[in-house]
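Working notes, beginning with the structure itself.
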Amino acid sequence: MDKISRADALKGLIVLPVLAAAVAGTAGQADAGSKAQFKYQNKPKGSAKCSNCRFYRAPKSGKGNGACSLVSGSISPNGWCIAWAKK
Ligand code: SF4
């Protein structure tokens, strides 16, 4: 029983730093894909459009194009892509 506990503790000591490094290495570094990759278009698809997508980041001024967490470049609030997801 004591040997198992020690082995488990050692596994934890090895695994935790690896997980921490993996999380630190990827957090906030998601690379955005290209418009072509996501089949982005400058017009809505039905009622689905960037401005009502959870990934859309409106410009600070509130006017004009914004950005997207997934697709790189200038993103129209009236655009759409295959990754659209309801806000
Ligand atoms: S994921 Fe697609 S639909 Fe959503 S904001 Fe980005 S470009 Fe627009």
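The values are calculated or read from the model by the stated rules, or taken from the named source; none is laboratory data. Note that this is a predicted model, so its numbers are computed, not measured. Here Cβ is always computed from backbone atoms with ideal geometry, including for glycine, and neighbour counts include all displayed protein chains.
Annotations
- Test: residue in the range 40-59 that is at pLDDT below 95 and either closer than 17 Å to Asn78 by Cβ or within 11 Å of the ligand (Cβ to nearest atom) (or both): no
- Qualifying positions in the range 47-87 - part of a loop (DSSP other than H, G, I, E, B), farther than 12 Å from Lys35 by Cβ and aliphatic (A, V, I, L, M): Ala58, Ala85
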